[in-house]
Amino acid sequence: MHVEYRIQNTDLAEAFKNYIERRLRFALGRFGDRVGQVSIQISGNASTKTELRLSAELLPFGRVAVHETDTDLFAAIDRGTGRIGRLFGRELQRIRDIRLGHDSFKIAA
């Protein structure tokens, strides 16, 4: 998993980068080689809400992305990484269902 950071209008210490990478490994590590490049964009400053945009490449199918806003950067990171992990899993399951020919809905008899 390759992580790319884009940081605007905020001071991101090395501790934040380590925290983000640890949370991403926890959320996406179980998907192994299915995870391509992960992009993280953080903008804002201490007096306003911080915006976090995460996008992860789902090899070879495309990308999934989430957006979080919070005054606490740690809370935004926690929610964003949790959401990207769940979204990644749902998208993989959807692709598996399509490949196996499972219908995404059930017909009532």
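Quick notes on this one:
- Pair residue 90, residue 30: separation of 7 Å Cα→Cβ label points (nm): 1.6
- Full extension of the chain between residue 15 and residue 63 gives 14.6 nm of extra length, using 0.36 nm per residue less the Cα-Cα distance.
- Label zone at residue 97, where the point sits 7 Å out along the Cα-to-Cβ direction: segment 57-89 residues whose backbone N lies under 20 Å: 58-65, 83-89
- Fewest-first ordering of 78, 97 by other beta carbons within 10 Å of each residue's beta carbon gives 97, 78.
Any read-out appearing in this document is the output of simple, stated calculations on the displayed coordinates, not a laboratory observation. All of these numbers come straight from a predicted model, not from anything done at the bench. We place every Cβ from the backbone using ideal geometry, glycine too, and count neighbours over all the protein chains shown.
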